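Take a look at the structure set out below.
The values are calculated or read from the model by the stated rules, or taken from the named source; none is laboratory data. Please read these numbers as outputs of a predicted model, since none were measured by experiment. Please note: Cβ atoms are built from the backbone with ideal geometry, for glycine as well, and neighbour counts cover all protein chains shown.
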Amino acid sequence: MDPQIITFIVTCLLAGIFAGLSSGLLGLGGGLVIVPVLNYTLPNIFTISPEYLLPICIQTSFAIIIFNTITASLKQYKLGNINFKAASIIIPPMIIFSVIVGQFVTSINPGYLKILFGFVVIYSSLNMLRKKSKVEEDQNATLPVGKGLLAGAAIGGISATAGISGGSFLGPLFHSCKFPIKKALGTSSFCGVFLAISGFLTYFIAGLNVDTQVPYTFGYFSFIAFIAILVTSVFFAHQGVKLQSVLPAPKVKRIFAYFLILVAIDMLYDGYLLIS
């Protein structure tokens, strides 16, 4: 087998371990790990045009997120933690704007795409560092229709540019509406399924006639990265859950947030260089 492909497989397996542990231990979506890892790995192993780099990272991330969010949603459904009424309000505009923005993302300067991703990561990192204010929880809380429609449109558009499930935005949104934290997270996971599917299909269609010259990549979908990251992330997500009783999760979360900020700054700088 080609040494480049072996190196890529090993790197993706390691990325899957990191993504799985962060998901199980900290409850974070894999997109915040997968996209940066592929962004740095792909150009150092294969010859790839900058315009194809982030679309590959994003579509592959969406493919993995589909499996992760479906698994989480099934568990949340069994526990009764999904508010389907709130989901029915926010999912339609989320899908529509994910598709609309996704159509344009693959045609804009990749520098702007990196800058957008950098800002999304900074927001997610600061949200992890922010001390959560106590919100009065209401078992019968509802999502206001107007707020849900606007938030769905914004989250769909943002997620389409970053390859994330939207959990960094959806969870806090539902909790701010007085949803109990478990229902906020459960409903967020359920909405993330539809967001990931719509994002994946949008990038898939956009890349049908694209040849990125990356081995085993179909359009913008890297089959190698998908399989390697998925296998290890699923296994190590369970290990991450077990580590919650051993490691100080809040402290680990802060360290991870600072690391993500450094990643975001580097992405912003790369984006600036591509634009200038």
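Observations on the structure shown:
- Put simply, of Ile95, Ile115 the only residue that is buried (at least 19 other Cβ atoms within 10 Å of the Cβ), at pLDDT 90 or above and of a type in the set (Val, Ile, Thr) is Ile95.
- When residues of the stretch 85-109 are limited to those that are in a helix (DSSP H, G or I) and free of Cβ contacts under 8 Å to residues at least 12 places away in the same chain, the one nearest to Phe236 (Cα to Cα): Ser88
- The set of residues from the stretch 171-192 being without any contact (Cβ under 8 Å) to a residue 60 or more places away in the chain and under 16 Å from the mean Cα position of the chain (by Cα) comprises Gly171, Pro172, Ser188.
- When Ile224, Ile255 are checked against the criterion of being loosely packed, with under 14 Cβ neighbours inside 10 Å and hydrophobic (A, V, I, L, M, F, W, C), a single residue qualifies: Ile255.
- Selected residue (criterion: nearest to Ile5 (Cα to Cα)) from residues of the stretch 231-245 that are among the hydrophobic types (A, V, I, L, M, F, W, C) and either at pLDDT below 75 or crowded, with 20+ Cβ neighbours inside 10 Å (or both): Phe236
- Of the residues making up the stretch 53-77, those that are closer than 23 Å to Thr161 by Cβ, surrounded by fewer than 24 Cβ atoms within 10 Å (Cβ to Cβ) and among the β-branched types (Val, Ile, Thr) are Ile66, Ile70.
- Some residue of the stretch 31-52 being surrounded by fewer than 23 Cβ atoms within 10 Å (Cβ to Cβ), aromatic (Phe, Trp, Tyr), out of contact with any Leu (no Cβ under 6 Å at 6 or more places or on another chain) and at pLDDT below 85: no
- Looking only at the stretch 142-170, and only at residues there that are touching a residue at least 40 places away in the same chain (Cβ under 8 Å) and part of a loop (DSSP other than H, G, I, E, B), the one that is surrounded by the fewest Cβ atoms within 10 Å (Cβ to Cβ): Thr142
- Unmet requirement for Phe97, which otherwise passes all of (1) under 17 Å from Ser165 (Cα atoms); (2) in contact with a Phe, Trp or Tyr (Cβ under 9 Å, 6 or more places away or on another chain): (2)
- Checking each residue in the stretch 155-189 for being within 15 Å of Gly199 (Cβ to Cβ), of a type in the set (Gly, Ala, Ser) and modelled with pLDDT of 80 or more picks out Gly156, Gly157, Ser159, Ala160.
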